[in-house]
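> The structure that follows is given in the form of structure tokens.
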Amino acid sequence: MTALLEVRDLAKHYAGKSGTTIRALDGVGFTLGRDEVLGVVGESGCGKSTLGRTLLRLVEPTQGSVLFEGEDITNLSRRDMNRRRRDMQIVFQDPFGSLNPRHKIGTIVGEPLVIHGEADVAARVAEMLDIVGLPPDAAGRFPHEFSGGQRQRIAIARALALRPKLLVADEPVSALDVSIQSQIINLIADLRRRFGLSMIFISHDLSVIRHVSDRIAVMYFGRIVEIGSAADIFDRPVHPYTRALLSAIPRPGLGPKPQRILLEGELPDPAHPPPGCAFQGRCRQAMARCATEAPGLQIRRAEGDLRDTACHLFEAA
Ligand code: ADP
């Protein structure tokens, strides 16, 4: 069976100042299975949002392709793409900015149904509100009458109204109080099971990613540096960047904490990428080769295991 999503060498470049090129996304490839949740994690500015948006063509890719159920959507006409969009929806970080303040909740949640010519809109809006845990009278109220967590429930109801196959969740809980975050994460996990949703779940927060992901892609400077099962990434990380990220999070119930590796310095300037590996300037294990040769993401032999990572410490298998 074909993967739900197959992403090949996807890139998004922006024009920077004085003729520079900003490689927000710089050649990313992966597959997403049906009913699978891929967590995408990495520091702010590493290209996570650009990836999420480029996948859905909310931002047009500079290069590469996205196959959805085997169909290359990167060259679809606007009309054909709009038809496809019912299968692929997105929830954004900001539950305040993403809902039209002048529309009632019933209109907001029902809008995708209306656009795609669906019947029984009011009944389906009521069903969606119930599914996301909002009272029936929410339909007649305005966004400002709701809390941040409730607004994110509204955004989720809208995104799932058409029963999409793929949901891109872009930092869906980052703007919420910590006490509310787990409620929304649990809701997303429930809905994922209920609807058999596949998801790209984007977060800078590894402890959030751990709760929802089957597989995890770790991004650095516009690329994936390591991708694997959630167990491999959390219990046996191999890329020095993944190890540094992981050593900084609490691990309740997961045994002794690995020695904390401080992640010093910042992401390189995207308009002036360093030669070689983009992580070398912050990597304690950098070797001479890392300064000149960028390591590709490929299956490598890492501590007796086969792992998909972009690091010269591990030879290609
Ligand atoms: P993340 O979601 O991981 O924080 P983004 O995808 O938002 O990262 O950004 C990746 C890089 O691309 C950053 O350096 C950012 O400044 C740059 N970038 C994003 N959008 C634009 C844009 N519209 N124009 C120029 N640069 C951009």
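> Provide the per residue accessible area, probe 1.4 Å, for region 3-316, rounded to a whole number of square angstrom.
Dividing the accessible area of region 3-316 by its residue count gives 46 Å².
> Please list Y241, Y14 from largest to smallest accessible area, probe radius 1.4 Å, with all protein chains kept in place.
Y14, Y241
> Hey, in the GNM for the chain with a 10 angstrom Cα cutoff, which one of F195, F221, F234 fluctuates hardest?
It is F195.
> I need the P(r) histogram for region 1-87: all alpha carbon pairs, bin width 5 Å from 0 out to the longest distance, whole percents.
That works out to 3, 13, 24, 24, 19, 10, 5, 2, 1, 0, in percent per bin.
> Quick one: with all protein chains in place, what share of the accessible area of region 50-141 is carbon or sulfur, to the nearest percent (1.4 Å probe)?
48
> Report P(r) for region 173-245: all Cα-Cα distances, bin width 5 Å, range 0 to the bin holding the largest distance, values in whole percent.
Whole-percent P(r) values from 0 Å outward: 3, 14, 25, 22, 17, 13, 4, 0.
> Still on this structure: I want the local charge near G39. Using Cβ-Cβ distances under 11 Å, sum +1 for each Lys or Arg and -1 for each Asp or Glu among the other residues.
Neighbourhood net charge equals 0.
> Return a single number: how many Lys pairs in region 3-316, at a sequence separation of 8 or more or on separate chains, have alpha-carbon atoms below 26 angstrom apart.
4
> Here's something else I'd like to know. Using a 1.4 angstrom probe on the protein heavy atoms only, line up S229, S203 by accessible area, largest first.
S229, S203
> Roughly how far apart, in whole Å, are the Cα centres of region 67-114 and region 286-309?
Between the Cα centres of region 67-114 and region 286-309 lies a distance of 38 Å.
> Suppose accessible area is computed on protein heavy atoms with a 1.4 Å probe; arrange E315, E36 from highest to lowest.
E315, E36
> OK, next. If you bin the C-alpha pair distances of the chain every 10 Å from 0, what whole percents do you get?
6, 25, 33, 23, 10, 3, 0
The values are calculated or read from the model by the stated rules, or taken from the named source; none is laboratory data. Here the structure is a predicted model, which means the values were calculated and not measured. All Cβ positions, glycine included, derive from the backbone under ideal geometry; neighbour counts span all protein chains shown. Ligands, DNA and RNA are stripped out before the accessible areas are found, and what is left, the full protein with its side chains, is counted by its heavy atoms. Shrake-Rupley method; radii C 1.70, N 1.55, O 1.52, S 1.80 Å.
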